[in-house]
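Comments concern the structure below.
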Amino acid sequence: MTDENVEIRDEVVLQVRDLRKLFEIKRSFKEVLARRPILYVKAVDGISFDIRKGEILGLVGESGCGKTTTGRLVTRLETPTSGHIYFHGVDVAKLQGKALKAFRRHVQMIFQDPYESLNPRFTVMQTVMEPLLIHGIGDTYDEKLEMVIQALEDAELKPAEEYLDRFPHELSGGQRQRVAIARALVLKPQFIVADEPVSMLDVSIRSGVMNLMLDLREKYHLPYIFITHDIAVARYMSDRMAVMYLGKIVEIGESDNVVFNPSHPYTRALITAVPVPDPDHKHGRVQIKGELPSPINLPPGCRFHPRCPYMEKGICDVKEPELVEVAEGHMVACHFARKLYEEGFSPSEGAEEATQA
Amino acid sequence: MAAPLLELENLIVHFKTHRGWVHAVDNVSFTIGKGQTLGLVGESGCGKTTTAFSILQILPYNAHVKGGDVRLKGRSILRDSVKEDGTIDPFNENIRKVRWKEISMIFQGAMNAFNPVYKVGDQIAEAIRVHYPDMSEQEIWKRIEELYDLVGIPKDRIMNYPHEYSGGMKQRAIIAMALALNPSLIIADEPTTALDVITQDRILGEMKRIQEETKTAMLLITHDVSVVAELSDKMAVMYAGQIVEMGTTRQIFKETAHPYTEALLGAFPSIKGDKKKRLKAIPGSPPDLISPPRGCRFHPRCPYARERCLEDEPELIKVGDGHYSRCHYTEELFGAGQGGGA
């Protein structure tokens, strides 16, 4: 991976190339003496994607697939083991000190649990003003206050004055998540990573927060990485979607292409498994076997092969598949991707009786 | 007509707190027939778990039963244990015989429901021993093997500790434990909420299969309408301590007759259908049950609210065969039991 390979386009905000993060497993004293080799959890194992201005990329997968680690790497809350993250063409993967702080001003994160991510002893104003103080933005208090109010109103906490002096325990879950969004917005970031921002919220609140995030995207052309385990939510929120499995992206493409013609067996299983709020929906059976293998001891070849219904001996358990383009912008990491893509897919596959379109 | 398996009649359960009475369950009535599944849907804090806990009488000490009755196979299981001030005697002999043997429960966050320092098999055996002290050890372990077969866990895992199980297996073991005494009703409180989609799909499939095999009735409590759509025949929607709509699952999805249900169904993104359509958000947040809104409890968030809704509390009105809605304008808004769905 050399810098020359990477096209630098104006509209691309973030380019991730071959990003890798290994976590070392601690050895006990005895194990060190016994010279047990150091084992690693391959949380993120060589992923690449681009995000353009105003685009939302959904990152979907089950727990333990590395989606949160990806988010934390991109915001540089973790330092990648190898690989590159180009932010407006500048590699930020190894930044440190002042340069890192300057970068962090432009990327913000919204966390899953608004009950944990807000300091219970800070008022809303203190919470939202904190980033301004850290980065030394705004000369006077009044100027800062104005930015705080603007951010709160952007997050639809209106009138903002009413919320300024409240503490998190005086707010509902949805309001707290809006405060967390305002805190991310106050720095006018160029990029936001939202890690399961609605999964802790009640159903009736959830759609409000999702709509708010879509509105903000429209207003500021803000790109997001939207991390979620719920493929229906990902489809609603994102323009493009990346499906992760054990640290790898197995399928990436326009959301509707991925949902309507998933060409990786794992994506198919994920989509079949989603319960549909319709009593007439004939539910297909998920055909994959077993459970997620440990990310310490990855299966050889395609890491999905032990669970895959399309597995062929001699191919899948030997060679690791590369991402291949099955249609424009639709990449799939499977040896049989083209075949699966051409076959097409219906979510009620395997249902007892095939009914309704 | 024979008495239904479980019958709740105008059950009222309030909690006494230093801020005042929390109206957690207000006039809740429903019935579950033998082998039926009723899905109870609502947001957190709407009283659905309290309803379940009042059936088993495992409520906290500050709960007061203010009225109503719970009947199992036509016989009251609540009257005996309610003291004069409305609090419940949790050690009443009658209810202790019912718990687990007649009605068992899959608790919310079942992943942590096992005691981590005892082997899973021992924990299931304990439940059997308590209710059948005469049963021989051999019979007990044979029964546990049967249960493991039923829920699909290999038998050599019986003597493992809970931490040796994966999330899906723990959930299966919890289901095995709930089935241990052949109950006639299982209360499943958010049985799949903490699981990944693929595991959830499998567990739901298993639950459906087991239910068909054992003819056990189920009260399924969840916030996720799609889980209900998959598992249950009948459905009740709860809001702020009251049932606002009740009917068959089909009626509720296809012939929606209450503004809250309509909003709830509209709030779920689907992987089918048109993406460009914006989800409808429900404004505001669920009310504080210490002082629920006057009149219709949904009126502050209801897009159709009129003057009458502010003062006059609606009753459950029949809108179709076995289909009820708690809204003054249900006929006007949704037509008489047809059309108008979400």
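The values are calculated or read from the model by the stated rules, or taken from the named source; none is laboratory data. Everything numeric in this text was worked out from a predicted model, so none of it was measured. Reconstructed Cβ throughout: ideal geometry from the backbone, glycine too, with neighbour counts over all protein chains shown. Note: accessible area is taken over every heavy atom of the protein model, side chains too, but ligands, DNA and RNA are not part of it. Shrake-Rupley method; radii C 1.70, N 1.55, O 1.52, S 1.80 Å.
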Lone qualifier among A:Val286, A:Val274, A:Val243 - being in contact with a Ser or Thr (Cβ under 6 Å, 6 or more places away or on another chain), at pLDDT below 90 and within 13 Å of another protein chain (Cβ to nearest Cβ):
A:Val286
Only one residue in B:Ala281, B:Ala263 is assigned to a helix (DSSP H, G or I) and facing another protein chain (nearest Cβ under 9 Å), so which one is that?
B:Ala263
Please report, ordered by residue number, the helices (runs of 4 or more DSSP H) entirely within the stretch B:164-257 with at least 1 residues that are away from chain A (no Cβ under 14 Å).
B:167-179, B:197-214
Kindly indicate the residue of the stretch A:128-175 that is open to solvent by 30 Å² or more (accessible area, probe 1.4 Å) and closer than 21 Å to A:Met210 by Cβ and also nearest to the other protein chains (Cβ to nearest Cβ) among those meeting that condition.
A:Ser172
Within the stretch B:33-60, of all residues that are among the hydrophobic types (A, V, I, L, M, F, W, C), over 23 Å from B:Tyr260 (Cα atoms) and within 13 Å of the chain's Cα centre (by Cα), the one most open to solvent (accessible area, probe 1.4 Å) is B:Phe53
Of A:Asp113, A:Asp195, A:Asp202, which residue is in contact (Cβ under 8 Å) with a residue 12 or more places away in the chain, closer than 22 Å to B:Pro269 by Cβ and out of contact with any helix residue (DSSP H, G or I) (no Cβ under 7 Å at 6 or more places or on another chain)?
A:Asp113
Is there a residue being more than 10 Å from chain B (Cβ to nearest Cβ) and more than 29 Å from B:Val41 (Cβ to Cβ) anywhere in the stretch A:205-215?
no
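The rows are residues; the columns are (1) out of contact with any His (no Cβ under 8 Å at 6 or more places or on another chain); (2) assigned by TED's automatic domain parsing to the domain that holds A:Gly301; (3) among the hydrophobic types (A, V, I, L, M, F, W, C); (4) within 30 Å of A:Asn297 (Cβ to Cβ).
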| residue | (1), (2), (3), (4) |
| --- | --- |
| A:Ile225 | yes, no, yes, yes |
| A:Met241 | yes, no, yes, yes |
| A:Gly247 | yes, no, no, yes |
| A:Glu251 | no, no, no, yes |
| A:Leu270 | yes, yes, yes, yes |
| A:Asp280 | yes, yes, no, no |
Only one of A:Asn257, A:Asn261 that is of a type outside the set (Ser, Thr, Tyr), within 14 Å of A:Gly329 (Cβ to Cβ), away from chain B (no Cβ under 12 Å) and surrounded by fewer than 23 Cβ atoms within 10 Å (Cβ to Cβ):
A:Asn261
Condition (residue is in a strand (DSSP E or B), surrounded by fewer than 21 Cβ atoms within 10 Å (Cβ to Cβ), basic (Lys, Arg) and within 19 Å of the chain's Cα centre (by Cα)) applied to the stretch A:44-64: is it met by at least one residue?
yes
Among the residues of the stretch A:263-277, is any part of a loop (DSSP other than H, G, I, E, B) and small (Gly, Ala, Ser)?
yes
Restricting the stretch B:210-240 to residues that are among the charged types (D, E, K, R) and in contact with a strand residue (DSSP E or B) (Cβ under 6 Å, 6 or more places away or on another chain), the residue that is least open to solvent (accessible area, probe 1.4 Å)
B:Lys234
Can you give me the number of residues within the stretch B:284-314 that are part of a helix (DSSP H, G or I) and open to solvent by less than 80 Å² (accessible area, probe 1.4 Å)?
4
Residue selected from the stretch A:186-200 under the condition open to solvent by less than 10 Å² (accessible area, probe 1.4 Å) and over 16 Å from the mean Cα position of the chain (by Cα), by the criterion nearest to the other protein chains (Cβ to nearest Cβ)
A:Val186
